[in-house]
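> Quick one: structure below, then a few questions.
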Amino acid sequence: EYTDVQGHGSRRVVHPYFLEPRPESRTVYVFAHDEASGAVRLFRLDRISRARVVRERFEPPADFDVDALVSGSWGIWQAEGHDEVVLRFAPEAAARVRQSFWHRSAQLTDLEAGGVELRLTVASEMEMRPWVLGWGAQVEVLAPPSLRQHVAESMAAGARVYAGG
């Protein structure tokens, strides 16, 4: 028995293929073949309210490759499409940005003023939103417009909270 993020419950039979711990949310996800959808889906373990082992045995397919499955995601999201993300980091963040491995599509460009630009293609910019916000004023989102708008609105709302209104 599983409850999704919107609170909808369902009963499913799944064949677990891979466990993925996510330290930023302190939870574990399971990539599993879902008999209801006939596809490999992602389930948060803490949203499973009841489970039982069935007698049927299964083997993950020989061609199952979790790295290929999430190759376009920022973390673990599986989504259709591709978002081109461009971020400009301030000089005080540049050293940390240069020293980190971000994503297989990441391209870094040093900027004249000492900052750095990060370009990458991900399955969905939505998964990146909390991470980008964590950089505060040290990053400016140049693309896509949806991510730029989300960050601008979130930072403006935060500024109002700290300004007392």
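The values are calculated or read from the model by the stated rules, or taken from the named source; none is laboratory data. What you see is a predicted model, and the numbers here were worked out from it, not measured in a lab. For neighbour counting, all protein chains shown are included, and Cβ atoms are generated from backbone atoms with ideal geometry for every residue, glycine included. With ligands, DNA and RNA removed, areas are computed over all heavy atoms of the protein, side chains included. Shrake-Rupley method; radii C 1.70, N 1.55, O 1.52, S 1.80 Å.
> Which order do Met128, Met155 take by accessible area at a 1.4 Å probe, largest first? Mind dumping the intermediate values first?
On the way: Met128 0, Met155 80 Å².
In descending accessible area the options line up as Met155, Met128.
> Convert each backbone phi in region 126-133 into a coupling constant with the Karplus relation 6.51 cos²θ - 1.76 cosθ + 1.60 (shift: θ = phi - 60°), then list the ³J(HN,Hα) values in order as whole Hz, x for Gly and Pro.
Rounded to whole hertz, the list is 4, 5, 7, 3, x, 5, 4, 4.
> Per-residue ellipticity at 222 nm for the chain, helices alone: DSSP H runs ≥ 4 residues times -39500 (n - 2.57), over residue total, nearest 500 deg cm²/dmol?
Working: 4 runs with 35 residues, N = 165.
Using -39500 (n - 2.57) per qualifying helix, the result is -6000 deg cm²/dmol.
> Among all stretches of the chain without exposed GluC sites (Glu not before Pro) (DSSP loop, at most 11 other Cβ atoms within 10 Å), which one is longest?
Values: sites that count: Glu24, Glu35, Glu56, Glu80, Glu112.
Between the exposed loop sites, the longest stretch runs 113-165.
> Given 0.36 nm per residue, what is the gain on full extension from Phe58 to Gln149 after removing their alpha carbon distance, in nm? Before the final figure, lay out the partial values.
Working: separation 91, 0.36 × 91 = 32.76 nm, distance 4.54 nm.
Computed gain between Phe58 and Gln149 is 28.2 nm.
> Still on this structure, please answer the following. Which cross-chain or sequence-distant (5 or more) residues have an amide H under 5 Å from the amide H of Arg12, H modelled 1.01 Å from N in plane?
Distant-sequence amide H within range of Arg12: Tyr2.
> Give a residue-ordered list of calculated ³J(HN,Hα) values for region 26-42 (Karplus: 6.51 cos²θ - 1.76 cosθ + 1.60, θ = phi - 60°; whole Hz; x for Gly, Pro).
6, 9, 10, 10, 10, 8, 9, 6, 9, 4, 5, 8, x, 10, 7, 10, 10
> Taking just the alpha-carbon atoms of region 6-54, what radius of gyration and Dmax come out, in angstrom?
Taking only Cα atoms of region 6-54, I get Rg and Dmax of 11.0, 32 Å.
> Just to check I understand the Karplus step: with θ = phi - 60° and J = 6.51 cos²θ - 1.76 cosθ + 1.60, what whole-Hz values come out for region 152-157, glycine and proline as x?
These are the phi-based 3J(HN,Hα) values: 4, 5, 5, 5, 5, 5 Hz.
> Let me ask something else about it. Suppose accessible area is computed on protein heavy atoms with a 1.4 Å probe; arrange Ser146, Ser49 from highest to lowest. Numbers along the way, then the final one.
Numbers: Ser146 55, Ser49 80 Å².
Sorted descending by solvent-accessible area, the residues read Ser49, Ser146.
> Residues with amide H under 5 Å of Leu111's amide H, sequence separation 5 or more or different chain, H placed in the peptide plane at 1.01 Å from N; which?
Long-range HN contacts for Leu111: Val116, Glu117.
> Please list the non-local residues whose amide H lies under 5 Å from the amide H of Tyr17, H modeled 1.01 Å from N, same-chain partners needing a gap of 5 or more.
So Tyr17 has HN proximity to Phe31, Ala32, His33.
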